[in-house]
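Quick notes on the structure that follows.
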Ligand SMILES: NC(=O)c1ccc[n+]([C@@H]2O[C@H](COP(=O)([O-])OP(=O)(O)OC[C@H]3O[C@@H](n4cnc5c(N)ncnc54)[C@H](O)[C@@H]3O)[C@@H](O)[C@H]2O)c1
Ligand SMILES: [Zn+2]
Ligand SMILES: [Zn+2]
């Protein structure tokens, strides 16, 4: 089967033929219909993702059709439409059994982040060399072998080239608003960075009932989309400009919720400085490891909260069906998030577009 492989950072991906094993117990082979390309894939190519160690099949925003189920798979059959979630819980550790699924740090989940199965191995190889699938997904490929716990069955009527976005960008963005910040009705929010994830933070804050949503981005095209998806105010910023001053010119006391969705630590500080006393800031972006967020300690002292956000606190079995219902009821727009659809051979074009900031999501259709 063909897959887009990262052999080393800073180099284009190579589409090549990999060997794939049959699914082991509890595993499922998915024929990928569509995979979004997220900035976290680009962070991996740029050598800034600590869990993405080459050789690696990139992609972690996939949807497809179940091709084959391994022994012990009880919830899926061949032909089911599925979304591959970003991380699946192990289901058996104390945290999972207590219902605290997002805090599962069992060996199974840790292996999963590095693209390994619970036995520490991968089911993909190239000429005898094991190749890991990014986050246990590796969706920039024709096929993926995934643990059943990482798959969520969806209504077959939902187009897979839209459903795939629920693998990462949509769940992370919506979850940042609903699960992490717990945005309250009538509140005021600011979102710094309106790309594939940030536009979903905007949609999440709108769904939660925020009545004022301030979108900030360097690109007018992103702000136009933000406005279509629920932003009430759009602030076009220049790189390096003080975003907190621009936001506070609109909301003098600061906003109830501020989100950084770029992955740049000075912007985390700017978002934090935009929040009011008692307000909440969520760092959704993934800055490079080792970088430091600088905040004035007295501003934290005044009852402000700064929160992290791994995958939007997403519990796949709860959050992906919730997202699909919002899509089907018209409260969540997925169509506007996909600008370009390309075959696997052209996968590197998706990264060029992401670097230039031209598109929200390019969807690759293997
Ligand atoms: N927390 C998580 O689990 C999680 C999940 C997915 C993605 N991420 C991270 O979220 C970040 C965003 O991902 P994405 O896929 O939306 O990326 P993206 O490239 O689609 O969007 C980034 C946006 O930020 C804007 N931007 C760039 N510089 C800016 C500046 N100085 N001020 C304001 N806006 C600016 C760009 O124009 C673009 O619209 C990345 O760091 C990604 O790795 C985190
Ligand atoms: Zn992602
Ligand atoms: Zn667990």
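Of everything in the range 294-314 that is in a loop (DSSP other than H, G, I, E, B), surrounded by fewer than 16 Cβ atoms within 10 Å (Cβ to Cβ) and touching a strand residue (DSSP E or B) at 6+ places or on another chain (Cβ under 8 Å), the residue that is modelled with the highest pLDDT is 308. Consider the range 46-94 and keep the residues that are within 16 Å of ligand 3 (Cβ to nearest atom) and more than 20 Å from the chain's Cα centre (by Cα). The one that is nearest to residue 365 (Cα to Cα) is 91. Here residue 330 clears all of (1) over 16 Å from the mean Cα position of the chain (by Cα); (2) on the phi < 0 side of the Ramachandran plot except the condition numbered (2).
Do we have residue 163 as closer than 27 Å to residue 32 by Cβ, in the same structural domain as residue 92 (by TED's automatic domain parsing) and modelled with pLDDT under 95 here? In short, no.
Given the condition assigned to a helix (DSSP H, G or I) and in contact (Cβ under 8 Å) with a residue 60 or more places away in the chain, answer yes or no: does some residue in the range 97-107 qualify? The answer is yes; a qualifying residue exists.
For the range 249-266: of the residues being away from ligand 1 (no atom under 15 Å from the Cβ) and in contact (Cβ under 8 Å) with a residue 12 or more places away in the chain, which is nearest to residue 218 (Cα to Cα)? Explain how you work it out, then say what you get.
Pass one, the range 249-266, residues away from ligand 1 (no atom under 15 Å from the Cβ): 249-257.
Next cut, in contact (Cβ under 8 Å) with a residue 12 or more places away in the chain only: 250-251, 253-257.
Details: 250: 18, 251: 20, 253: 24, 254: 21, 255: 20, 256: 23, 257: 20 Å.
Here the residue is 250.
Set side by side, the residues 83, 69 differ, and just one is within 16 Å of ligand 2 (Cβ to nearest atom) and modelled with pLDDT of 95 or more, which is 83. Against the conditions (1) at pLDDT below 95; (2) under 21 Å from residue 4 (Cα atoms); (3) in contact with a helix residue (DSSP H, G or I) (Cβ under 9 Å, 6 or more places away or on another chain), residue 47 satisfies every one except (3). In the range 333-346, the residue that is surrounded by the fewest Cβ atoms within 10 Å (Cβ to Cβ) out of those that are closer than 20 Å to residue 137 by Cβ and within 18 Å of the chain's Cα centre (by Cα) is 338.
Can you list the strands (runs of 3 or more DSSP E) lying wholly within the range 144-262 that have 3 or more residues being over 21 Å from residue 305 (Cβ atoms)? If you could, list the steps in order and put the result at the bottom.
Values: elements: 151-153, 188-192, 212-217, 233-236, 255-260.
Because the criterion is at least 3 residues that are over 21 Å from residue 305 (Cβ atoms), the strands (runs of 3 or more DSSP E) in the range 144-262 that meet it are 151-153, 233-236.
Taking the criterion of being within 15 Å of ligand 1 (Cβ to nearest atom) and out of contact with any strand residue (DSSP E or B) (no Cβ under 6 Å at 6 or more places or on another chain), the residues of the range 267-289 that qualify are 269, 270, 273, 286, 287, 288, 289.
Within the range 323-348, the set of residues being farther than 20 Å from residue 156 by Cβ and part of a loop (DSSP other than H, G, I, E, B) comprises 331, 333, 343.
One line per residue, one yes/no per condition, for (1) over 15 Å from residue 313 (Cα atoms); (2) modelled with pLDDT under 95; (3) touching a helix residue (DSSP H, G or I) at 6+ places or on another chain (Cβ under 6 Å):
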site	(1), (2), (3)
144	yes, no, no
170	no, no, yes
198	yes, no, no
226	yes, no, yes
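Exactly one residue out of 57, 69 is farther than 21 Å from residue 120 by Cβ and in contact with a strand residue (DSSP E or B) (Cβ under 9 Å, 6 or more places away or on another chain): that is 69. Residues of the range 78-117 that are farther than 23 Å from residue 22 by Cβ and either within 16 Å of ligand 1 (Cβ to nearest atom) or not assigned by TED's automatic domain parsing to the domain that holds residue 29 (or both): 86, 87, 89, 101, 102, 103, 104, 105, 109, 110, 113. For the range 138-167, residues that are surrounded by 22 or more Cβ atoms within 10 Å (Cβ to Cβ) and out of contact with any strand residue (DSSP E or B) (no Cβ under 7 Å at 6 or more places or on another chain) total 1.
To keep it simple, each residue is scored yes or no on (1) without any contact (Cβ under 8 Å) to a residue 24 or more places away in the chain; (2) part of a helix (DSSP H, G or I); (3) closer than 18 Å to residue 182 by Cα.
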{"site": "321", "(1), (2), (3)": "no, yes, no"}
{"site": "350", "(1), (2), (3)": "no, yes, no"}
{"site": "353", "(1), (2), (3)": "yes, yes, no"}
{"site": "363", "(1), (2), (3)": "no, no, no"}
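The values are calculated or read from the model by the stated rules, or taken from the named source; none is laboratory data. These numbers were taken from a predicted model, which means no experiment stands behind them. Cβ sites come from the backbone with ideal geometry, for glycine too, and all protein chains shown count toward neighbours.
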